[in-house]
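First up is the structure itself, then whatever we jot down about it.
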Amino acid sequence: MYYSIKSGGWQRIAEPTGQEEGLLGIFPYEKMLACGKKWGISAEILEEARRFSYARYDSFENFDCVSLEMLDFENILLSIGSVILYLEKGKAFFFTSKMDIVTALLEECLEGLGERVTLNRVIYSFFELQTKKDDIIFDSIEKEIMDLEQALIATEKRDCVSEIISLRKRLMVLKKYYEQFLNVLDILVENENGIFDGKTLRSFKMLYRRTERRFQNVLNLREYVTQVRESYEAEVDISLNTTMKIFTVVTTIFLPLTLIVGWYGMNFEMPEYAWRYGYFFVCLLSVACIAGIIIFFKRKKWF
């Protein structure tokens, strides 16, 4: 599928005529090698770009090749498809695993630009759309972290390991995505093959700065999750210390009884055995020991 882009407009065409100011093509991966052969694009370069995940930018003589993994910001652990961009001055070919999605995105770019449409602006708009919905996921993750922190502070939640792991996993995906997306933009603005005009390059530089802020936002959220995890670990340690303290106090209270039982369990005669109140005396001694230790602990505020 081809699009002819001329000053002030665009149209879908069956085959290029050579009169286009800008030629835009969209093809599925199944037709990638055939299209590459038709336009003299190295099959090895296209195949290598297809094997690469997330984002990568390679600059060759007279053309550039970009690999992009399109992230699903509604479920960032999943990808909505991958795309390879072959960029040459006046030409841009998109090879993708999701023809319908990429076609819809590019036509959205074409229609959105209106009379200002140029091939360079379409390419820029496509890159811009790759991070268009990320504010929603940032707000969602930040709210999730704040709710989790509040639940831990209010002791409404005792076990949040699975939530912390989920948050860290999603933020790791975002970090990797933006890190490589920044690398792509960094090489793109160098414009080694002179594909983009000055106005489009300025737009890409602004996109780079916005993406850099989003990347920093991801790092801040990761730090926030780390703080929540440390708070959770501290809460677990406090709870464990409280439990151990209770067991220690109980053990200490009954330690004298263990001594008395061991003393009177010895296999030889004692004077108390012949005393008619000996049994009651031992019972009273046990109660007195327990009461004395409890009073002592209370005064020390150990429990």
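The values are calculated or read from the model by the stated rules, or taken from the named source; none is laboratory data. From a predicted model like this one, the values you see are computed outputs, not experimental measurements. So basically every Cβ, Gly included, is an ideal-geometry build from the backbone, and we count neighbours across all protein chains shown. For accessibility, only protein heavy atoms count, side chains too; no ligands or nucleic acids. Shrake-Rupley method; radii C 1.70, N 1.55, O 1.52, S 1.80 Å.
222 nm [θ] for the chain, helices only, -39500 (n - 2.57) per DSSP H run of 4+, per residue, to 500? Walk me through the intermediate numbers first.
Working: 8 runs with 181 residues, N = 303.
Per the formula, -21000 deg cm²/dmol.
Give, rounded to the nearest 20 debye, the magnitude of the charge dipole that the chain has about its Cα centre when Lys and Arg contribute +1 at Cβ and Asp and Glu contribute -1 at Cβ.
Values: 38 positive and 43 negative charges, 189 e Å.
It works out to roughly 900 debye.
Find, among the GluC sites (Glu not before Pro) in segment 25-76, those assigned to loop by DSSP (not H, G, I, E, B) with at most 14 other beta-carbon atoms within 10 angstrom.
Numbers: sites: Glu30, Glu44, Glu47, Glu48, Glu61, Glu69, Glu74; in loops: Glu61, Glu74.
Passing both the DSSP loop test and the Cβ count: Glu61, Glu74.
Taking the Cα atoms of segment 125-255, report the difference between the largest and smallest coordinate on each principal axis, in whole Å and largest first.
86, 24, 17
Ranking request for peptides 102-112, 14-24: highest mean number of other beta-carbon atoms within 10 Å first, then the rest in descending order. Write out the running numbers ahead of the final one.
Details: 102-112: 16.7, 14-24: 13.5.
Ranking the peptides 102-112, 14-24 by packing returns 102-112, 14-24.
I need two numbers for segment 60-112: Rg to one decimal and Dmax as a whole number, Cα atoms only, in Å.
12.6, 38
Just the ratio, please: alpha-carbon radius of gyration of segment 246-300 over 2.2 N^0.38 Å, N its number of residues.
Details: Rg = 13.4 Å, N = 55, 2.2 N^0.38 = 10.1 Å.
Ratio of Cα Rg to 2.2 N^0.38 Å: 1.32.
Run down the lysines and flag those whose C-alpha is under 28 Å from the C-alpha of Lys298, throwing out any fewer than 8 positions away in its chain.
Qualifying lysines at Cα under 28 Å: Lys245.
Report the charge-dipole magnitude of segment 1-130 in Debye, nearest 20, computed about the Cα centre from +1 at each Lys and Arg Cβ and -1 at each Asp and Glu Cβ.
280 debye
Calculate, in whole percent, how much of the Cα-Cα pair population of segment 34-160 lies beyond 27 Å. Working shown, then result.
Working: 2757 of 8001 pairs.
Cα-Cα pairs in segment 34-160 separated by more than 27 Å: 34 percent.
In segment 134-207, how does Rg compare with the Kirkwood Rh, expressed as the Rg/Rh ratio over alpha carbon atoms? It would help to have the intermediate numbers written out before the result.
Details: Rg = 19.1 Å, Rh = 15.3 Å.
Here the Rg-to-Rh quotient is 1.25.
Report, in cubic angstrom per residue, the convex hull volume of the C-alpha atoms of segment 1-74. Write down the numbers at each step before the final one.
Values: hull volume 10.9 nm³, N = 74.
Considering the Cα atoms of segment 1-74, their hull volume per residue is 147 Å³.
Taking only Cα atoms, what is the 0 to 90° angle, nearest 10, from helix 134-153's long axis to the longest principal axis of the chain?
Taking the Cα atoms of the chain, the angle to 134-153 is about 0 degrees.
Considering only the other residues whose Cβ falls under 11 Å of the Cβ of Glu212, what net charge follows from Lys and Arg at +1 and Asp and Glu at -1?
Numbers: positive: Lys205, Arg209, Arg210, Arg213, Arg214; negative: Glu179, Asp186.
Within the 11 Å Cβ shell, the charges total +3.
Roll a 1.4 angstrom probe over the protein heavy atoms and tell me the percent of accessible area of the chain that is carbon or sulfur. Write out the running numbers ahead of the final one.
Values: 9940 of 17760 Å².
Carbon and sulfur atoms account for 56 percent of the accessible area of the chain.
Here are some pairs, Lys175/Lys205; Lys38/Lys98; Lys6/Lys89; Lys98/Lys175; which of them have Cα atoms lying more than 18 Å apart in this structure?
Working: Lys175/Lys205 20 Å; Lys38/Lys98 22 Å; Lys6/Lys89 14 Å; Lys98/Lys175 24 Å.
Pairs exceeding the cut-off: Lys175/Lys205; Lys38/Lys98; Lys98/Lys175.
Ignoring everything but the protein chains, give the 1.4 Å probe accessible area of Trp39 in square angstrom, nearest 10.
70 Å²
Which value does Rg/Rh take for the chain over its C-alpha atoms, Rh per Kirkwood? Can you show the working numbers first?
Working: Rg = 35.4 Å, Rh = 24.9 Å.
Ratio value, two decimals: 1.42.
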